[in-house]
Amino acid sequence: MPMDRETQLKLVNLRDDAGVLSLYVNADPRQEGSTPPWKTRLDQGLKQLREAVGNGTAPLLGRRVEDLKIDIEALVRPGSPGIGRALFVALGTGETYSVAMQTPLTDRVALAPRSHIAPMFGAWAEGAPVGVVVVDGKGMRILDSRFGRCEEVSGLAFELDTDEWRVMKGPAAVQSAYGGRDGFVSSNQQDLFDYRVAEHLQKFLAAAHSTLEEHVTEFGWELLVLAGEPELVEAASKHLRNGVKAEVVPSKLILSQKSPAMIQQAVAPEIAAARHARDLRLAAAFAEAVPKAAIGSEEVLDALQGGRVDRLLIERDSVWSARRIPEGAVLADAVAPGEPEVATAVAEAQLGEAMIEMALASDARVSILGEGVDLGKEAGGVGAILRW
């Protein structure tokens, strides 16, 4: 499945009375061994889950796992696409979704009445779709970057008919009105020619705003990076300020001839900085939103139930990065976590998932804040900016 808002909604809304099995692996190529460690953790997790569930669920779980044998083999195969991979299956209906991305996930097995989405939304915060536009004298290249992958999706070529005002050159050229000698191009004439080309190029780039706005909507970009010489970036972006949904990020990087992979690598620090700056602005807006703010899980849940939340904010702390939930952990009602700290992390992750589901159901925006951004001690990691 492509990772977009539609996928978010499908995964959040995946429910089944018999349970939804969620399988995550992190196929890190740096982890060596004849048997991939993520496969070992997944096998152990499935074994533990099958031994723990009740007699009513065990046969159905066993059948579904058997039916998914080929899918599970692809999930753990080292050569399969993506580093972070996930497989979701509704035990009762057999409805199945799979996701692969270059953004790391965490090894995990979960069984609940709904899909387990915490690792997915954590990865979304790091690798959400971004548009990258490279501008130069030839026009613009338009690329889509998401979850560690980047591909060129479109472009606009700049073509200019200069027949009526081309530079005069060659033996037949006569002395120009700008003082040029026979057979030579005066500096003034060349400057005028270059100025006209630059002027038409900037008009061309400025007129491309409608194309960029369409791409932002189509691809769901949250950021739009414009890279190139400053005057060209300014031309391409000046009409986007009020008309585009994505945040515009200007860049001075010259990337004209780079491959999509090289472009993504080059702009990655600027994307990370833009996301961090955005998260800081959200945290500041939350702090200033009182009384139109809900602080802490109890207030946020009450506001979500009333459909009053405009933006749900959740800190990307240890819960969402899964550091407190061991790799390969089994999250299911039938399996009690052995450590109180892990039990707390699981409970908080489940609460966060419930909040995300309620937020998306009411068309509220969801933001998982990056590391180093917090909402204050009173919030306890979760808050909301309210509609009223």
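The values are calculated or read from the model by the stated rules, or taken from the named source; none is laboratory data. Note that the coordinates shown come from a computational prediction; the quantities given were computed from them, not determined experimentally. Reconstructed Cβ throughout: ideal geometry from the backbone, glycine too, with neighbour counts over all protein chains shown. The area values use the complete protein model at the heavy-atom level, side chains included, leaving out ligands, DNA and RNA. Shrake-Rupley method; radii C 1.70, N 1.55, O 1.52, S 1.80 Å.
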Practice task
Check segment 141-151 and report whether any residue there is small (G, A, S), outside any loop (DSSP other than H, G, I, E, B) and crowded, with 20+ Cβ neighbours inside 10 Å.
Solution key: yes
Handout entry: In segment 48-57, the residues that are open to solvent by less than 40 Å² (accessible area, probe 1.4 Å) and closer than 26 Å to R77 by Cα
Key = L49
Fill in the blank from the handout: When restricted to A128, A100, the only residue in contact (Cβ under 8 Å) with a residue 40 or more places away in the chain and either in contact with a helix residue (DSSP H, G or I) (Cβ under 8 Å, 6 or more places away or on another chain) or hydrophobic (A, V, I, L, M, F, W, C) (or both) is A128
Problem - Every residue from segment 58-106 that is over 28 Å from A128 (Cβ atoms) and of a type in the set (D, E, K, R) - result: R63, R64, E66, D67, K69, E73
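Buried (at least 17 other Cβ atoms within 10 Å of the Cβ) and among the small types (G, A, S): which single residue out of G62, G45 fits that description?
Within the list G62, G45, the selection yields G45.
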Completion exercise
When (1) farther than 30 Å from L313 by Cβ; (2) in contact (Cβ under 8 Å) with a residue 24 or more places away in the chain; (3) surrounded by fewer than 22 Cβ atoms within 10 Å (Cβ to Cβ) are applied to L75, the one that fails is (3)
Problem - Selection from segment 241-261 of residues that are aliphatic (A, V, I, L, M), part of a loop (DSSP other than H, G, I, E, B) and modelled with pLDDT of 85 or more - result: A246, L253, I254, L255
Practice task
Assess whether K39 counts as being open to solvent by 40 Å² or more (accessible area, probe 1.4 Å), under 28 Å from the mean Cα position of the chain (by Cα) and not polar (S, T, N, Q).
Solution key: yes
Exercise for the section: Please work out which residue is farthest from the chain's Cα centre (by Cα), limiting yourself to segment 201-210 and to residues that are assigned to a helix (DSSP H, G or I) and surrounded by fewer than 15 Cβ atoms within 10 Å (Cβ to Cβ). Expected result: K203
Problem - Qualifying residues in segment 262-290 (those that are of a type in the set (D, E) and part of a helix (DSSP H, G or I)) - the one surrounded by the fewest Cβ atoms within 10 Å (Cβ to Cβ) - result: E270
Problem - Unique residue being under 26 Å from L253 (Cα atoms) and at pLDDT 90 or above when the list is L111, L143 - result: L143
Practice task
Check whether at least one residue in segment 158-181 is modelled with pLDDT of 90 or more, part of a loop (DSSP other than H, G, I, E, B) and surrounded by fewer than 14 Cβ atoms within 10 Å (Cβ to Cβ), and report yes or no.
Solution key: no
